[in-house]
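The values are calculated or read from the model by the stated rules, or taken from the named source; none is laboratory data. It should be emphasised that the depicted structure is a prediction, and the values quoted were computed from it without experimental measurement. Quick reminder, even Gly has a Cβ in these numbers, built from the backbone with ideal geometry, and neighbours come from all protein chains shown.
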Amino acid sequence: MAISKQEEKALFRFNIIFPMLDASLPRGERSRMVQQICAKEYRIPHSKKTSVSEATVWKWYHAYLEKGTIDSLAPSGRSDKGRRRTITIETEQELLRRYREKPGVPVKYLVDQAIQDGVFGPDDTISISAIYQLIRREKRGYEPTQKDRRAYRAIGSQTIEKEVLERLLEAAHSAPSSANNQPWRLVTVTEAEQLAALKETLSKGNYWAQDAPAITAFVTHPDWSMRIGGRDLAFFELGMAAMAYQIQAVAEGLYVHPIVGFDANKAKQVLGIDDEFVLEILMVTGLPGDVNTLNEKHLASERSARIRKPLKSVATYDRWDDGLFPENKS
Ligand SMILES: Cc1cc2nc3c(=O)[nH]c(=O)nc-3n(C[C@H](O)[C@H](O)[C@H](O)COP(=O)(O)O)c2cc1C
């Protein structure tokens, strides 16, 4: 087993900031945590220092939030740069077995535990990023349930990989549609200038979307699918595509949030979408970010249980029930 100085330092730093990564920390708690962290003494790998400053801890925290990998905490970028990134098949299988036993366990714990238990053999080179990749591949098999999707708002600015975005679009495009019309059209914006221009069309209440690295426009037109007996199926089908996109996003560990709060005409201009077409919603997508950027109302909603009307007011068996009538919307 080999672990480089750089990796050791990165792991130490990750250990320090790990408690700060809890997205549900109340306002101000993270700052208190930093003070407590800095009041303690440590055996810092490959250093004579025994304490860390608040500025340094914040720097590590933001570096991790931005890149989302332990490697980004290494003193000069990637800790495994230039090294062979390998673990043996046996080690890989053992790590996966352990992960499957406790899905969702933080990679750091998985690795620490594996080191303690002597899982890594003499031929293994521990590369945290390789282990992350392994777990991500494994997670792709994870099937999120409806329960896992919430319209979270604490969306960070980290870039989403192109392959991941492609999988979201593929998922949307796998939705069912009448006569297989596939009336959804999706425009995903990631390019900095376009993204900034699109964000200018957002309503003030959607301030939380300003850091998002990707926004997808969901577009359709009633003529693009069946129109039958007053039913315009294009909108229904666009909605199904949007749901498939969201479930895939959840499976990829992303936050995903549909919004109607934007100036649709201006947004269509920015995106070059024909006036006639309907830009129904924008889908804001990104990795989980810092909840402290949210206002109080949104912070409370981020942590609240899902709010729904009683099931019997929206669903019945065998025949319509007057209890299903919606309350008047003012
Ligand atoms: C079509 C649509 C438009 C929405 N528009 C916005 C919006 O502009 N801003 C916002 O903060 N949330 C928006 N939402 C999110 C809803 O507020 C959210 O889905 C709802 O409160 C239920 O919460 P949940 O998705 O976490 O279960 C929208 C959701 C949908 C489906």
Residues satisfying the stated conditions in region 212-239, i.e. surrounded by fewer than 19 Cβ atoms within 10 Å (Cβ to Cβ) and under 25 Å from the mean Cα position of the chain (by Cα): GLY239
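Okay, residues lined up against (1) within 12 Å of the ligand (Cβ to nearest atom); (2) of a type in the set (Phe, Trp, Tyr); (3) assigned by TED's automatic domain parsing to the domain that holds LEU195:
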position: ASP223; (1), (2), (3): no, no, yes
position: GLY229; (1), (2), (3): no, no, yes
position: VAL256; (1), (2), (3): yes, no, yes
position: LYS268; (1), (2), (3): no, no, yes
position: THR293; (1), (2), (3): no, no, yes
position: PRO326; (1), (2), (3): no, no, no
Of the residues LEU279, LEU324, LEU254, LEU271, only one is among the aliphatic types (A, V, I, L, M) and modelled with pLDDT under 95; which? LEU254
Condition first: under 30 Å from ARG136 (Cα atoms) and buried (at least 22 other Cβ atoms within 10 Å of the Cβ). Can you find one or more residues in region 261-283 that meet it? yes
With respect to ILE89, determine if the residue is surrounded by fewer than 18 Cβ atoms within 10 Å (Cβ to Cβ), among the aliphatic types (A, V, I, L, M) and modelled with pLDDT under 80. yes
Contact list, first residue from region 302-318 and under 30 Å from VAL291 (Cβ atoms) and in a helix (DSSP H, G or I), second anywhere and at pLDDT below 95 and basic (Lys, Arg), beta-carbon distance below 9 Å, six or more apart or interchain, is GLU302/ARG150
Condition check for GLY261: within 11 Å of the ligand (Cβ to nearest atom), touching a Gly at 6+ places or on another chain (Cβ under 8 Å) and more than 30 Å from TRP58 (Cβ to Cβ): yes
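Regarding PRO19, is this residue on the phi < 0 side of the Ramachandran plot and either assigned to a loop (DSSP other than H, G, I, E, B) or not assigned by TED's automatic domain parsing to the domain that holds TYR109 (or both)?
So PRO19 fails the test.
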Boolean, ALA209 is of a type outside the set (Phe, Trp, Tyr), within 16 Å of the ligand (Cβ to nearest atom) and within 15 Å of the chain's Cα centre (by Cα): yes
Residue among ILE155, ILE131 that is within 16 Å of the ligand (Cβ to nearest atom) and hydrophobic (A, V, I, L, M, F, W, C): ILE155
Can ALA114 be described as at pLDDT 80 or above, within 16 Å of the ligand (Cβ to nearest atom), surrounded by 12 or more Cβ atoms within 10 Å (Cβ to Cβ) and over 28 Å from VAL291 (Cβ atoms)? no
Name the residues in region 316-330 that are at negative phi and exposed (fewer than 10 other Cβ atoms within 10 Å of the Cβ), would you? TYR317, ARG319, TRP320, ASP322, PHE325, PRO326, GLU327, ASN328, LYS329, SER330
Do we have ILE135 as in a helix (DSSP H, G or I), of a type in the set (A, V, I, L, M), modelled with pLDDT of 80 or more and closer than 23 Å to LEU254 by Cα here? yes
Take PRO103 and tell me if it is over 30 Å from SER301 (Cβ atoms) and in the same structural domain as GLY68 (by TED's automatic domain parsing). no
Identify all residues within region 92-109 that are at pLDDT 80 or above and not in a helix (DSSP H, G or I); write none if there are none. LYS102
Across region 295-309, which residue is farthest from ASP211 (Cα to Cα) among those that are away from the ligand (no atom under 11 Å from the Cβ) and either touching a Lys or Arg at 6+ places or on another chain (Cβ under 9 Å) or of a type in the set (Gly, Ala, Ser) (or both)? ALA300
Selected residue (only one of ALA114, ALA154, ALA171, ALA130 is among the aliphatic types (A, V, I, L, M) and without any contact (Cβ under 8 Å) to a residue 24 or more places away in the chain): ALA114
Which pairs do you get when a residue that is on the phi > 0 side of the Ramachandran plot and of a type in the set (D, E, K, R), found in region 199-219, comes within reach of a residue that is outside any helix (DSSP H, G or I) and within 11 Å of the ligand (Cβ to nearest atom), reach meaning Cβ atoms under 6 angstrom, with the pair 6+ apart or on two chains? none
